Ligand SMILES: Cc1cc2nc3c(=O)[nH]c(=O)nc-3n(C[C@H](O)[C@H](O)[C@H](O)COP(=O)(O)O)c2cc1C
């Protein structure tokens, strides 16, 4: 088994079997909705639909980047994608570096047979874009999976927790800006659980990215994952709680940039999702819990998401908001710190 494939498999196994969640919270508990006891609409009229990059979503949810490139990835991605198609939400795949390095595993990213209509986003690490000859390879890989856009992930803390991790990030900003110019498709940027600060968000906006997923602390900790995976995992363990809580990222980035923001990192229920939307997030991302569901079946994924969407709708009714726009417009009146 080649090393990228082995690493992908280990990531799945560790995330399924070990406690890789942050001890610190995502920060949303500091905010509370104001209950609205007098509501003037029918529950069935609540509308969570929205548009993102030209595609209509039935709910503002994206299944965050999880996997691709190892045997289990095919089953997991198909389980996720089947549910995403049924529920009309978006999905992203794991890093496509594995399929570029080993085209034989490209099939593990293929979801269009079960999800022809969803917004499907590819994924690549910024370190892979250091060599600009890789731009064309990434574009081709995105095309081959029927991707509508691509996430570039920034995972500095994770890389530094790996013995074999990347160390040379010289010129990263220029690599990203050049990649954005090179691609015709939207280029989005995400963290993997350590969060995006307002300072970084401003630089990303300047580089021209189409959206930013703050992917903050409070859910899966990738330094903890590496703490389990490495032979000597002391660095990963030491930095296991490293990162900006998701709510803090969101509040700070919303003040600093106009670029659409995706909120993710420990947003595991519909009430927290609505708080992030009321603050101004365009979309909510979830990874960790969906991996565990997808490891079981597509029905389990669907059930988790249906429940999540139900919680969102109940929350919307309890704050008197029928549409997502109402949540955003009324935010200062309905969400208190
Ligand atoms: C098994 C697994 C593999 C992941 N692989 C990737 C990846 O290849 N690229 C990426 O950008 N993020 C990856 N992530 C990170 C997630 O997209 C997400 O940012 C992070 O887990 C925090 O979100 P959560 O708290 O909802 O899990 C992975 C997550 C999981 C659980």
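The values are calculated or read from the model by the stated rules, or taken from the named source; none is laboratory data. Quick caveat, the model's predicted, so the values are computed rather than measured. Using ideal geometry, Cβ is built from the backbone for each residue, glycine included, and neighbour counts are taken over all protein chains shown.
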Give, as residue ranges, the helices (runs of 4 or more DSSP H) completely inside segment 147-226 that count at least 2 residues that are over 24 Å from residue 250 (Cα atoms) and modelled with pLDDT of 95 or more.
172-182
Within the set of pairs 6 or more residues apart or between chains, which connect a residue that is closer than 27 Å to residue 148 by Cα inside segment 163-186 to a residue that is surrounded by fewer than 16 Cβ atoms within 10 Å (Cβ to Cβ) and at pLDDT below 95 with Cβ atoms less than 7 Å apart?
none
List pairs: first in segment 258-270 and closer than 16 Å to residue 65 by Cβ and free of Cβ contacts under 8 Å to residues at least 12 places away in the same chain, second near the ligand (Cβ under 7 Å from one of its atoms) and in a loop (DSSP other than H, G, I, E, B), Cβ under 8 Å, 6+ apart or cross-chain?
none
Checking residue 104 against (1) away from the ligand (no atom under 13 Å from the Cβ); (2) in a helix (DSSP H, G or I); (3) in contact with a helix residue (DSSP H, G or I) (Cβ under 7 Å, 6 or more places away or on another chain), only one condition comes out false. Which one?
(3)
Among (1) buried (at least 16 other Cβ atoms within 10 Å of the Cβ); (2) more than 15 Å from residue 127 (Cα to Cα); (3) in contact with a strand residue (DSSP E or B) (Cβ under 8 Å, 6 or more places away or on another chain) - the single one residue 233 does not satisfy
(3)
Qualifying position, being touching a helix residue (DSSP H, G or I) at 6+ places or on another chain (Cβ under 8 Å), surrounded by 21 or more Cβ atoms within 10 Å (Cβ to Cβ) and either at pLDDT 95 or above or not in a strand (DSSP E or B) (or both), among 73, 81:
73
Could you tell me how many of the residues in segment 53-80 are out of contact with any strand residue (DSSP E or B) (no Cβ under 6 Å at 6 or more places or on another chain) and more than 15 Å from the ligand (Cβ to nearest atom)?
6
Can you tell me how many residues within segment 151-208 are more than 16 Å from the ligand (Cβ to nearest atom), within 15 Å of residue 139 (Cβ to Cβ) and within 20 Å of the chain's Cα centre (by Cα)?
2
